[in-house]
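To start, the structure under review is shown below, and the notes come after it.
The values are calculated or read from the model by the stated rules, or taken from the named source; none is laboratory data. Just so it is clear, the model here is predicted, and its values are computed rather than measured. Every residue, glycine as well, gets a Cβ built from its backbone with ideal geometry; the counts of neighbours run over all protein chains shown.
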């Protein structure tokens with residue numbers, strides 16, 4: 001099933017790229033990219049990279065709901081590794097799986113690790129959904145194509161329903177807990193409710209998500225300005241939320257092709273040339289790759305493991321592994337300890 005999913009992603013990505021090559025002047029788009037100032041590219045990458053430590057702080061707050069969270073340097077290293085694998089692996093959850101496994105190597109329960117990552121993702125994209133829903137009444141009058149209007153409405157409805165479903169499951173946890181396959185989802189919903197009822201923590205993670213989102217959008221704006229797609233920051237707040245949400249659909253490799261299609265469609269609303277819009281999207285993807293490279297270096301060097309080995313939690317985990325009576329005996333990793 002996994003190989004079929006990867007094959008579908010490869011086919012979709014290839015088909016979309018072929019469409020761009022056959023319908024768009026790729027040579028001109030590449031000319032635009034090559035003429036862009038290296039300084040502007042550097043500023044955009046720095047802005048995009050600045051979102052990573054903010055996201056690490058947010059993730060640490062969410063992990064704190066489960067017990068004592070790891071230190072910031074350790075989590076930041078794991079986050080960068082996850083960003084790297086999200087870019088280089090053909091699956092949409094490859095980086096998240098590596099993040100969860102890395103936390104497990106540090107002594108954290110695998111279920112807790114996965115739950116924290118999913119909740120961190122949900123909080124991050126919840127801000128984009130909120131921005132999108134608020135801005136939708138301003139965006140729809142600008143779209144002349146009726147099908148595109150309905151598509152924008154469908155995206156808003158689907159993403160909003162997803163958030164509500166996550167929260168509603170908590171009310172049904174008594175029933176759902178009887179089904180082992182659904183129990184982890186019920187626990188995720190319970191943790192989401194716990195975060196929502198803690199106003200102080202909720203305000204913190206939403207503020208961090210807002211700052212991270214603003215930096216991401218600003219980095220796109222910096223690149224676009226250099227490619228003759230000059231729009232206000234407020235206009236980019238209309239454009240980017242639907243683009244980022246559509247990019248979440250797991251039908252291509254690391255969002256390539258889907259991001260380009262969505263951004264071309266959205267920028268066409270503001271009469272941006274197709275080649276310029278494609279150049280912006282390609283540079284956004286390349287900037288994401290550049291920001292992910294430090295994670296690959298950390299993974300190859302094992303620097304995050306080195307940090308973890310100096311912690312008391314790692315020492316406890318190693319002691320438990322050594323003292324375990326057999327390889328089949330369960331090992332306890334209580335975060336609250």
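Scan region 22-70 for residues that are at pLDDT below 85 and either within 21 Å of residue 229 (Cβ to Cβ) or under 22 Å from the mean Cα position of the chain (by Cα) (or both) and the total you get is 8. May I ask you to verify whether residue 81 is more than 17 Å from residue 210 (Cα to Cα), more than 20 Å from the chain's Cα centre (by Cα) and assigned to a helix (DSSP H, G or I)? For residue 81, the condition - more than 17 Å from residue 210 (Cα to Cα), more than 20 Å from the chain's Cα centre (by Cα) and assigned to a helix (DSSP H, G or I) - is not met.
Among the candidates 204, 192, 211, the residue that is modelled with pLDDT of 90 or more, in contact with a helix residue (DSSP H, G or I) (Cβ under 9 Å, 6 or more places away or on another chain), under 30 Å from residue 291 (Cβ atoms) and crowded, with 17+ Cβ neighbours inside 10 Å is uniquely 211. The test for being surrounded by fewer than 19 Cβ atoms within 10 Å (Cβ to Cβ), assigned to a helix (DSSP H, G or I) and out of contact with any helix residue (DSSP H, G or I) (no Cβ under 8 Å at 6 or more places or on another chain) does not hold for residue 73.
Using the structure shown, decide if residue 218 is touching a helix residue (DSSP H, G or I) at 6+ places or on another chain (Cβ under 9 Å) and not in a helix (DSSP H, G or I). So residue 218 fails the test. Across region 256-292, what is the total count of residues that are assigned to a helix (DSSP H, G or I), farther than 21 Å from residue 13 by Cβ and out of contact with any helix residue (DSSP H, G or I) (no Cβ under 6 Å at 6 or more places or on another chain)? Looking only at that region, the number is 2.
Considering region 146-181, and only residues there that are outside any helix (DSSP H, G or I) and exposed (fewer than 12 other Cβ atoms within 10 Å of the Cβ), the residue that is farthest from the chain's Cα centre (by Cα) turns out to be 178. For residue 54, the conditions (1) within 23 Å of residue 211 (Cα to Cα); (2) without any contact (Cβ under 8 Å) to a residue 60 or more places away in the chain all hold with the exception of (2).
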